[in-house]
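The block underneath contains the structure these notes are about, expressed in structure tokens.
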């Protein structure tokens, strides 16, 4: 139980599992956890990091490592991920989620559930995925999203990822609900984009939740407010 953990044990290394709130960046959560620990134990410095970024508009499982456990971050973020996602067909945004306004609309009335299932069947396995231009990928030493925010749009090089399964949970036009199992580094926003293209339409994410990363599941995750209560 977290109540029994001491300040020294956080230095020695702890793995904490959180449910990241909507609109918090991954760094927001890391910084707030660090601040809470520094304040609770009256210490000046503590290493805190995360194993696997979540976009601001995504919620769900984030692995936070403290102290010496930060050396395990590469290992911790290498496990298979599970997501639940909602893709809205018939429209795109520059970042392929709701962080930006819709920039183009497309017909979707021709799409049915059978077509979606057939398209998804072609999107699994080892694939070369093009990251969204609004992503943390580095281009010439700079984050792609920084360039994109200045209007410098540049198509990124494809990256090999593994998509083990995309399950179609439902379709109520124009929204598609999916369960996705994939490797580290997969962009679910890119899956939304590519699904729209395959269906001769457009697509963007309206909801994304990570429920598993490696051996860790959302069932064992703490909210930040629960974490504060346990530290009190």
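We did not get these values from a lab; they are worked out from the coordinates using the rules stated. The shown structure was predicted, so the numbers you read here are calculated from the model rather than taken from an experiment. Positions of Cβ are generated from backbone atoms using ideal geometry, with glycine treated the same way; all protein chains shown enter the neighbour counts.
Taking a point 7 Å out from the Cα of residue 122 in the direction of its Cβ, the residues of region 177-206 whose backbone N falls within less than 16 Å of it are 191-203. Approximating the spin labels as points 7 Å out from Cα along Cα→Cβ, the residue 102-to-residue 80 distance works out to 3.6 nm. With no solvent and one equal point scatterer per Cα, compute the Debye intensity ratio I(q)/I(0) for the chain at 0.11, 0.16, 0.18 Å⁻¹ and report its log10, rounded to two decimals. At q = 0.11, 0.16, 0.18 Å⁻¹ the computed log10 ratios are -0.61, -1.12, -1.32.
Fewest-first ordering of 171, 106, 10 by other beta carbons within 10 Å of each residue's beta carbon gives 106, 171, 10. Shown here is the pair-distance distribution of region 1-134: with all Cα-Cα distances grouped in 5 Å bins from zero up to the longest one, the shares run 2, 8, 14, 16, 16, 13, 9, 7, 6, 4, 3, 1, 0 percent. The label point for residue 114 and the one for residue 36, both projected 7 Å from the Cα toward the Cβ, are 5.1 nm apart. Neighbour counts of C-beta atoms inside 10 Å place 97, 194, 103 in the sequence 103, 194, 97, starting with the fewest. Give me the angle, in degrees from 0 to 90, between the Cα long axis of helix 188-198 and the longest principal axis of the Cα atoms of the chain, rounded to the nearest 10. Value to nearest ten degrees: 0.
At an R0 of 45 angstrom, the distance between the Cβ atoms of residue 9 and residue 184 translates into a FRET efficiency of 0.95.
Note on residue 17/residue 200: beta-carbon distance plugged into 1/(1 + (r/R0)^6) with R0 of 41 Å gives a FRET efficiency of 0.50.
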